[in-house]
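Each reported figure results from applying straightforward, stated rules to the coordinates on display, with no laboratory input. Please read all numbers here as calculations on a predicted model, not as lab measurements. Note that each Cβ is placed from the backbone with ideal geometry, even for glycine, and that neighbours are counted across all protein chains shown.
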Amino acid sequence: MVIIGNGFDLAHKMKTSYKDFILDFLKESLQKLTEEKPELELSLAKFKKNTIGQIKILPGNINEWDIKDLVEFTYNTRPPYQYNINIKSEFLSNLLKNIRDYNWVDIENEYYKQLCEYAKEREDDKINKLNEDLKEIQKALVSYLSKEERRYGNEYTVFGKTFAEQVTQNLNKRKDVLPKSILFLNFNYTSTIRYYIQKVQEIVPNTKVINIHGEINKRNNVIIFGYGDEEDVNFNILENNDRYLEFVKTYHYLRNSKYQELLTFLDSDDYEVMVIGHSCGLSDKTLLSEVFNNERCKSIKLLTYNTKPDSTFCIENSDYITKSYQIGRIFKDKASLRRKLLPFEENDIIKLDFLSKP
């Protein structure tokens, strides 16, 4: 099994992080403002172009601005900038504050934290608003990723030979023994992995993909967006009200056959796992626990990347240590973790082969 996460898309120079998405959402909204139509009101925020009085002008144009520049339009209003962003959603406001303070955000984790806070106080009206806001963000995310996939498809030609050889090598180093089958468990909403499947199938014909969290613009496999840690101490509170469970992933897995296809693979034979670009965070803990804690799972290999490209690739310059902590939180038995998680090796760097179109 090869688990594919967002780091796989990022390695292909796709701007698929939540930070990139929110930045694009704000920029696109501001670019719709004109002298004739200086205001734009959406359910999440109101955007305004200021033209009167003392105005602080941010240098450059909108396309050059970073997310932190746009956050200034929201929280610093004296004197006003040329634009003002009035955030109407407490949820979106919290996401922006996370980006401002940490230069990073996880929408699903932040949603769960806010949901639990409201649920403890039984603030049902706030939960209704939170769920509506998440729906709006999900729609905007689908639109953004569709645009990003088109951009990527227009810019790159992908050759999958190197990658195919890397994922088909037996994890226990018996390179003369190919796996009987390969399942790509794709957590991304995009379909970047499709560029590689043909090359992998040339080596291991019985290769398939399960897009476990859905695909953008696919009615028969809509995207699954929400939270997936049912062992969290707060989860019992959520089960007191159906509305609180609206974005719990388990209930979305039941709406098509993808999860059952995964279970069929898990029950069919012993398997090894390779993780590429997935953080193994708590928002997917329920599903990953099913994979990692299964007695048929014999080993887990982390393919990582060099966090300091100008330096020699080593464990300190990889994300192996951080991911080992995340995976450790998923294991119920730490002895099983020590048996299954394979140690870091310097040749475990992700090997992708894609070229810009001429």
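Taking amide H as placed 1.01 Å from N in the peptide plane, the amide H of Val2 sits under 5 Å from that of Leu183, Phe184, Leu185, Met274, each at least 5 places away or on another chain. Counting charges near Glu90 (Lys, Arg +1; Asp, Glu -1) among other residues having Cβ under 10 Å from its Cβ returns a value of +2.
Mean-square fluctuations from a GNM of the chain, with a 10 angstrom spring cutoff on Cα atoms, peak among Pro59, Pro80, Pro38 at Pro59. Think of it as helices only: each DSSP H run of n ≥ 4 in the chain is worth -39500 (n - 2.57), and spread over all residues that comes to -13000 deg cm²/dmol at 222 nm. Toward the positive end of the charge dipole of region 23-135, with +1 on the Cβ of Lys and Arg and -1 on the Cβ of Asp and Glu, the farthest Cα among Cys116, Leu23, Pro80 is that of Pro80. With the simple model of a label 7 Å out from the Cα in the direction of the Cβ, Asn86 to Arg338 spans 6.0 nm.
What net charge is computed for the residues neighbouring Asp267, neighbours being all others with C-beta under 13 Å from the C-beta of Asp267, Lys and Arg scored +1, Asp and Glu -1?
On the way: positive: Arg296; negative: Glu261, Asp269, Asp270, Glu290, Glu295.
Net charge around Asp267: -4.
By the equivalent-ellipsoid construction on the alpha carbon gyration tensor, region 78-159 comes out with semi-axes of 29, 20, 13 Å, ordered largest to smallest. The dipole here belongs to region 223-307: it is taken about the Cα centre, uses +1 on the Cβ of Lys and Arg and -1 on the Cβ of Asp and Glu, and is about 280 debye.
Rounded to two decimals, the Cα-based Rg/Rh of the chain, with Kirkwood Rh, is 0.99.
Give me the percent of Cα-Cα pairs in region 209-251 that sit more than 17 Å apart, rounded to a whole number.
Of the Cα pairs, 40 percent sit more than 17 Å apart.
Throw me the Rg/Rh for region 62-115, computed over C-alpha atoms with Kirkwood Rh, two decimals. Spell out each step's value before the answer.
Details: Rg = 12.1 Å, Rh = 12.0 Å.
Using only Cα positions, Rg/Rh for region 62-115 is 1.01.
Amide H contacts of Ala45 (H built 1.01 Å from N, in plane; Pro and chain starts excluded): Lys88 sit under 5 Å, all sequence-distant by 5 or more or on other chains. The magnitude of the dipole of the chain, with charges of +1 and -1 set on the Cβ of Lys/Arg and Asp/Glu and taken from the Cα centre, is near 580 debye.
Once the piece of chain linking Lys208 and Arg151 is laid out straight, how much longer is it, given 0.36 nm per residue of separation minus the C-alpha distance between them? Display every interim value, and only then the final one.
Working: separation 57, 0.36 × 57 = 20.52 nm, distance 2.55 nm.
The span from Lys208 to Arg151 would gain 18.0 nm if fully extended.
In plain terms, if you count all Cα to Cα distances in region 208-358 and split them into 5 Å steps from zero, the share in each step is 2, 8, 15, 17, 17, 17, 12, 7, 3, 1, 0, 0 percent.
Distances over 18 Å make up what percent of all Cα-Cα pairs in region 25-141? Here the tail beyond 18 Å accounts for 55 percent of pairs. Under a 5 Å amide H cut-off, with hydrogens placed 1.01 Å from N, Ser257 pairs with nothing among residues at least 5 apart or on other chains. Sorted fewest first by neighbouring Cβ atoms within 10 angstrom, Cys297, Cys314, Cys280 come out as Cys314, Cys297, Cys280. Couplings for region 222-230, taken from phi via the Karplus curve 6.51 cos²θ - 1.76 cosθ + 1.60 with θ = phi - 60°, read 5, 5, 9, 10, x, 9, x, 10, 7 Hz in order; Gly and Pro are left as x. Listed from fewest to most Cβ neighbours within 10 Å, the set Arg151, Arg100 follows the order Arg151, Arg100. With the chain treated as a Gaussian network of Cα nodes joined by springs under 10 Å, which of Val248, Val177, Val273 yields the largest mean-square fluctuation? Evaluated over the chain, the most mobile residue of the options is Val177.
So, with +1 on the Cβ of K and R and -1 on the Cβ of D and E, and no other charges, what is the size of the charge dipole of region 1-128 about its Cα centre, to the nearest 20 debye? Write down the numbers at each step before the final one.
Values: 19 positive and 22 negative charges, 67 e Å.
It comes to approximately 320 debye.
For the chain, modelled as a GNM whose springs connect Cα atoms under 10 angstrom apart, the maximal fluctuation among Leu245, Leu263, Leu130 occurs at Leu263.
R0 = 41 Å: FRET efficiency of Ser17 with Asp242, Cβ-based, nearest 0.05? Step by step, r from the Cβ atoms, then E = 0.80. Taking a 22 Å limit on the Cα-Cα distance, which of the listed pairs Lys97/Lys126; Lys48/Lys147; Lys218/Lys258; Lys37/Lys129; Lys49/Lys139 fall beyond it? Check vs 22 Å cut-off fails for Lys48/Lys147; Lys37/Lys129; Lys49/Lys139.
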